[in-house]
Amino acid sequence: MAATLFFQVLVNGLVLGGLYACIAAGFSLVWGVLNIINILHGTFVVIGSYSAYYAYIYLGVHPFISVVLAGIILFIIGYLFQRGIINRVVAAPVLITLSLTFGLDLFLNNSLLVVFSADYLKLNLANPLGVLQFAGIYVPVDRLAAMVLALFLTCLLYWVLEASRIGRAIVAVRMDREAATLMGVNAKHIYAVTFGLGALMAGSAGAMLSVIFPISPIVSTLYLSKAFVICVLGGLGSVAGAMVGGLVLGVVESFGGLIFGPEHAMTISFCLLILLLIFRPTGIMGKKGYE
Amino acid sequence: MKTKLVGLFVIVLLLLIPIISNNYVIRLATMMLMYSVFAMSWNFIGGMAGYPSFATASFFGLGAYAGALCQVNGVPMFLAWVIGGLVSAVFAWVLGLAILHLKGHYFAIASLIVAEVLREVINSATGITGGGMGLNIPVLRMGVDAQARLFYFSMFVIALVTLAVSAYVSGRPLGFGLKCIKQNEDAAGMTGINTTIYKTTAFTLSAVFTGGAGAFYASWVNYIDPEDVFEILISIKPIVMVLMCGAGALVGPVIGAGLFLFLEELVWRNFLTFHVGMLGLMVVFLVIFLPTGLLSVDYRKFLKKVVR
Amino acid sequence: MRKRSKISLVVLCFFVVFAASVFLSVHEVWSADKTIRIGAPLPLTGPLAPEGKKIQQGYNLWAEEVNKKGGINVGGEPYKVEIIYHDYQSKTPRAVQLAEKLITEDKVNFLFSPFGSGATKAASGVSEKYGIPTIASTASSVAVYDQGYKYLFGTFTPNQTLTDPMSKIVKENVPNAKKVAILARNDLFPMAIANVMKKSAEEQGLKVVYFGKYAIGSMDHASALTQIRAANPDFFFATGYVNDLILIRKQMADLGVKPPAVGMVAGPAYKEFVEACGPLSENVLSASWWHPAVRYKGTSVFGPTQKYNQIFEKKYGHVPDYGHASASVAGVMLQLAIEKAGSIDPKKVRDSLASLDAMTFYGPVRFGANGQINSLKPPVFQIQGGTQVVIYPPEIKESEFKLSTK
Amino acid sequence: MTALLQLKNVSRNFGGLAALSEVSFDVHPGEILGLIGPNGAGKTTLVNLVTGVYRPSSGQIIFEDKPINRLKSYAIARMGIARTFQVMQPFPEMTVVDNVAAGALFATGASTLEEAKELAQVHLEYVDLKKFANTPAASLTLPNRKRLELAKSLAMNPKLLLLDEVMAGINSVEIDQSLGLIKSLVEKGITILLIEHIMKVVMSVCSRVVVLHHGSLICEGQPNYVTSDPQVIKAYLGSKFAARQNRVSHEQ
């Protein structure tokens, strides 16, 4: 019995961690490359969820296919936000950039509230995916699928950064903006593309999460605070770090909830975060020596 | 000389408010003074030492809860405010030693997350703090008008003390050393500045008055809950206020607070369900177009341009 | 030169702010006569926004209906009704401030309290201070009314009037029912109702085998639900707001938590819950202070319950839930009291409210000595076939209790 | 004669790369010790270790018989070690006099800001910068910035002064002026560690020279001895040049 409980909680944690990882990947990318803490991220996730919801209701598109659609929509939104507004302060101190994205988030989130209202929606599939069960351990298929898809997307992002032309340009700009500019890279465009990719990841995550979490503009702050924790846990700007950070957070929350009671699960993860910031600010996957 | 005259004029004006206006205006004026305490406090660490602190909400919330719990347990109101300030200060000292070695984004995030941690802790410590149910603070047994004025003048005193300490610090080695740290921390260390102590002191100063204001707030509104006093917006507002009037300047934060409250109130009155969004636009506008402060705009030149 | 321009700018700023504040303070209260102004601080943005919107719909419907019929008759003279809304952003202290602003600056005659027991309790001090009669449309905790205040009246009966019949139904209908598990959001109302459920269940001879709290803003309940599954309860009762309960219901299915009876408060009364949970909402048990299936021969502006449902549906396109109805009846209570008093004097209206005895679409209205309504018998209902059907009290029940199958 | 500053087997690694390995030498009171080496030899790292910016990965640094390798930089500064910076100027947006006053205020006994500013004026006079006292440090020309650095370090009233490439980027006339200034400092009783890669400068003023190459100490001794050391020539001029030099001397 105790073993079943242990493994069930472990599985719960890992699956939840997979979802967390896909929330955080884009946030981490933007932070790492642009040095911008994008407060808008949570709201981007919510827009992704709404896209998938309405695509399913009106067009019958399966949310896992909407991942592509939501990604494209968010890429455009992200690109425009960066090109139009955020680029003006890209080299500014963190005070400025953080306040700016915070202000933008207040605006965008309130707009969503006006357009979609605060009522909670949830996407119910006509044919639910069901639950896998073996040896008394339950694994919900939709979460599992979302997790696998998230892993796939994260790997895809990793591959894009490593292998594609634009990816190399992003990495180059991140290493040394001046040098990259001299080599003919249009840094403004690259920044906007990066921000767009971050938003794309958020949108895709949102689409996947639409079958799992209730949808409302209000939940954006929950996503955002998870992204924060995961990013610092995993190490900034590293796509692999987001993956690891997400899984660690998922497992810590699950076991924290089991041992200390569910009301303390979040406190525990935050305390973990503060300790990590104090003793190892570069995160689990980060390299030593910072700023 | 002229600056002093202006200062005196402003003080007289502020003292006149409770005599010539109604309770609601007094409430707004009290709020403005409280905002200016936030801004001046933030200025110690953010303006003088150049550290991007988002910890205002933590200090405020902690002070509010410390003060409220004192009052619930029978401590007199004014003493509870002092205790609120001190609790925040001690917390800031310890926290500062832990996180002030972080730079840039890491420091920003660490200071931002602290409020979340405190909120969660207070939320789950239901037995002591009432958790999400919030905390009711005993109501003062006195007339409505008298109460409004009492709180106004109390906040006035707190703001004045904060201003005085700011002025004192900026003219002393502490302020001078912080200025050095802002410019180049490594060099400051090698010049003989104990950067850890200086930074931590600045952080503590920024906490003590914010915490006191938090305890004040608890007594003033008679009810606090974690969602309200640890709100991230509380951390953002003083930054915008200081940015509006130029970081590091002495009276800048006070004027920034007044202007910000005015704009906030204006937006809030005119948009029932979209005022948060308008507030966001306002922040965006201020950050993009006035990153060095309104006071840096040569407004005479601007006026000339407009006239022509 | 520059320095001087800075200083004068400083002075200018102060003048602007000062002038503006004076302007704001004298900001004219228009058409003060022939209008009854009622202040309503509501959470129109922030986490409580869905609730706030509902309440606003309920108030608006009442005001519209009254004004359509010529207004409130005050000693033979018709008064129009105007409700002044302010958004308190789901932040309770802001609600308290707004209550004061509404009274001192907007000069309202009466007040509708903010949402929920916590905010109502916090704001009740203000209306008491100024002696403004206040109707609480969403506060059930006895603690709110037992403060000794004279100007506060509430539309909800105490929480155990919901949990007592629920646990009784479970005890009577679930074969061999012994064990109860309770999971509550760590927040005022959800905790209060979880605590009284514990008491009600124990009074029925049920044993509480799990009692857990989850943090506000939790995105995952897997650990708690895994433990609950291991405890194998006959009745699982979860409290929280709509989003929490949607997530909990979904995760119950994910983790194979299948007790014979599932109770939830306060979500299943809302259509969003049913829509968002889809088939999973089937057979979820809940209770609320009102339900569109109740039938009362009300005499006030809305007439009988059926009529109210009709008017509401015509305006908003869906069936009202208890939140809407409670808000509307708050207006009705005020109207009845004013008409009875024949005056809008706060003191007289207050006394009139205290001695009110009327029948409305919401049910009979009488207040206890503490101002909380004590004439209601809240219905228990279950979601069957995608709608809420009343299963208690026997007078109005539409169906029998069914065991959960999913 | 005991050494003022001793380095004993000092090493420092950055992420697995050794920036300094097993470096040992002494600085005697009253001398001008030259520290030379090509770019990337680890000179600035060494300065940063002595002034407490980094801590050694292993080894010991001893100043006036007290180990300082675990102290923070402000404490080291207050013990009497000052430095100038190679590239950056410390507090760019503050005025020249404030820069110097910072040194006077925090590292020595000046008790008030006013006193520190008065002291600063004296030091500015000494390096001939008084006319720029109230301009921001960032607006100074390169040679003047170097002077400011010097004035600021002097204001700290140091026993040991680390001069990090003070001659780089200034013309020969100015170099000669600076050399005069440095010599006058020694007369005031300040010990100097002169970090340079221009050999000419080192030759003319230093009593002893140590040479760093790839993080290791490769030679130590009188200036003349050091410049004739084949290893040093190889390090500085590359192996080809060393070989040619060899051949030339053979042919002769």
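Over chain C, what is the mean sequence separation of C-alpha contacts under 8 Å (at least six apart), divided by residue count, expressed as relative contact order in percent? It comes to 16 percent, rounded to a whole number.
About the Cα centre of region B:2-307, how large is the charge dipole given +1 on each Lys and Arg Cβ and -1 on each Asp and Glu Cβ? Please answer in debye to the nearest 20.
Details: 17 positive and 12 negative charges, 222 e Å.
That gives region B:2-307 a dipole magnitude of about 1060 debye.
Working ranking of peptides A:19-32, C:141-154 by packing, defined as the average number of other Cβ atoms within 10 Å per residue, highest first, is A:19-32, C:141-154.
Between B:Leu266 and B:Arg141, the simple spin-label model (points 7 angstrom out along Cα→Cβ) gives 4.5 nm. Beyond 19 Å, the tail of the calculated P(r) for region A:150-291 holds 61 percent of the Cα pairs. The Cα-based radius of gyration and maximum Cα-Cα distance (Dmax) for chain B are 19.4, 67 Å. The simple Förster model, with R0 at 45 Å and r as the Cβ-Cβ distance, assigns C:Asn232 and C:Glu395 a FRET efficiency of 0.80.
Based on alpha-carbon positions alone, could you give the equivalent ellipsoid semi-axes of region C:116-216 from the gyration tensor, as √(5λ), descending, whole Å? Intermediate results must be reported in sequence, preceding the final value.
Working: eigenvalues 210, 42, 15 Å².
Output for region C:116-216: semi-axes of 32, 15, 9 Å.
Note on chain B: helix-only mean residue ellipticity at 222 nm, from DSSP H runs of 4+ residues weighted -39500 (n - 2.57) and normalised by residue number, equals -25500 deg cm²/dmol.
The H on the amide N of C:Val208, modeled in the peptide plane, is under 5 Å from the matching H of C:Val180, each at least 5 residues off or on a different chain. Short to long, the 5 Å bins of the Cα pair-distance histogram for region C:255-326 hold 3, 14, 22, 22, 15, 11, 7, 4, 2, 1 percent of all pairs.
Springs join every pair of Cα atoms under 10 Å in this Gaussian network model of chain D, and among D:Asn48, D:Asn39, D:Asn171 the largest mean-square fluctuation is at D:Asn171.
Interface A-B: total buried accessible area of about 3600 Å², 1.4 Å probe, protein heavy atoms only.
Geometric descriptor of chain C, per residue, is 162 Å³ (volume of the convex hull of the Cα atoms). Placing a pseudo-label 7 Å from each Cα along the Cα-to-Cβ vector at D:Asp65 and C:Thr299 gives an inter-label distance of 10.6 nm.
Can you give the Rg to Rh ratio of chain D, both from alpha-carbon atoms, with Rh computed by the Kirkwood formula?
On the way: Rg = 18.8 Å, Rh = 18.9 Å.
Result: Rg/Rh = 0.99.
Taking every DSSP bridge with both residues inside chain C, close to 30 percent are antiparallel.
What is chain A's relative contact order, in percent, from Cα pairs under 8 angstrom and six or more apart in sequence?
Over chain A, the number comes to 38 percent.
The reciprocal of the average 1/r between distinct C-alpha atoms defines the Kirkwood hydrodynamic radius, which for the protein assembly as shown equals 33.8 Å. The mean number of Cβ atoms from other chains found within 10 Å of a Cβ in peptide B:175-188 is 6, as a whole number.
In order along region C:233-250, phi translates into HN-Hα couplings of x, 8, 9, 10, 10, 10, 10, x, 9, 3, 5, 4, 6, 4, 5, 5, 4, 5 Hz, rounded to whole numbers, per the Karplus curve 6.51 cos²θ - 1.76 cosθ + 1.60 with θ = phi - 60° and x for Gly and Pro.
Here the calculated FRET efficiency for C:Asp351 and C:Tyr316, from their Cβ-Cβ distance with R0 = 35 Å, stands at 0.50, rounded to the nearest 0.05. In this simple spin-label approximation, D:Asp176 and A:Arg83 carry label points 7 Å from Cα along the Cα→Cβ vector, and these lie 6.2 nm apart.
Largest GNM mean-square fluctuation across C:Met264, C:Met219, C:Met359, computed for chain C with C-alpha springs under 10 Å, falls on C:Met219.
Over the whole of B:25-31, what's the average partner chain Cβ count within 10 Å per residue? Rounded to a whole number, please.
Numbers: counts 9, 3, 5, 7, 3, 0, 1.
Mean shielding by partner chains, rounded to a whole number: 4.
The string of couplings for region D:38-51 from the Karplus curve (6.51, -1.76, 1.60, θ = phi - 60°) is x, 3, x, 7, x, 5, 5, 4, 4, 4, 5, 6, 5, 8 Hz, one whole number per residue in order, with x for Gly and Pro. For chain D, the longest principal axis of the C-alpha atoms and the axis of helix D:96-107 are separated by about 80°.
A cut-off of 5 Å between modelled amide H atoms, ignoring neighbours fewer than 5 places along the same chain, links A:Ile215 with A:Leu121, A:Lys122. Where only DSSP H runs of four or more residues are counted, chain C gives -14000 deg cm²/dmol as its mean residue ellipticity at 222 nm, each run worth -39500 (n - 2.57). How high is the FRET efficiency between C:Glu77 and C:Gln147 when r is their beta carbon distance and R₀ equals 30 Å, given to the nearest 0.05? Taking R0 as 30 Å, the efficiency between C:Glu77 and C:Gln147 is 0.30.
For peptide A:131-142, what's the mean number of Cβ atoms from other chains within 10 Å of each residue's Cβ?
Working: counts 4, 0, 1, 0, 0, 3, 3, 9, 2, 7, 1, 2.
Other-chain Cβ atoms within 10 Å of each residue's Cβ, averaged: 3.
Across region A:137-222, the volume of the C-alpha convex hull divided among the residues equals 126 Å³ per residue.
With +1 on the Cβ of every Lys and Arg and -1 on the Cβ of every Asp and Glu, and nothing else charged, how large is the dipole of the protein assembly as shown about its Cα centre, in debye rounded to the nearest 20?
Details: 102 positive and 77 negative charges, 252 e Å.
Computed about the Cα centre, the dipole is about 1200 debye.
Using a Gaussian network model of chain C in which every pair of alpha carbons under 10 angstrom is joined by a spring, one finds that among C:Leu336, C:Leu353, C:Leu247 the greatest mean-square fluctuation is at C:Leu247.
Descending by average beta-carbon neighbour count within 10 Å, the peptides A:6-16, B:267-277 line up as A:6-16, B:267-277, the highest first. Around the amide H of D:Tyr54, modelled in the peptide plane, lie the amide H atoms of D:Leu49, all under 5 Å away and 5 or more residues distant in sequence or on another chain. Couplings for region C:102-109, taken from phi via the Karplus curve 6.51 cos²θ - 1.76 cosθ + 1.60 with θ = phi - 60°, read 4, 6, 7, 9, 7, 6, 6, 7 Hz in order; Gly and Pro are left as x.
The values are calculated or read from the model by the stated rules, or taken from the named source; none is laboratory data. Since the model is a prediction, treat every value here as computed from it, not as a measurement. Glycine gets a Cβ as well: all are built from the backbone with ideal geometry, and neighbour counts include every protein chain shown. Just so you know, the surface numbers come from the protein's heavy atoms only, side chains and all, with ligands and any DNA or RNA stripped out. Shrake-Rupley method; radii C 1.70, N 1.55, O 1.52, S 1.80 Å.
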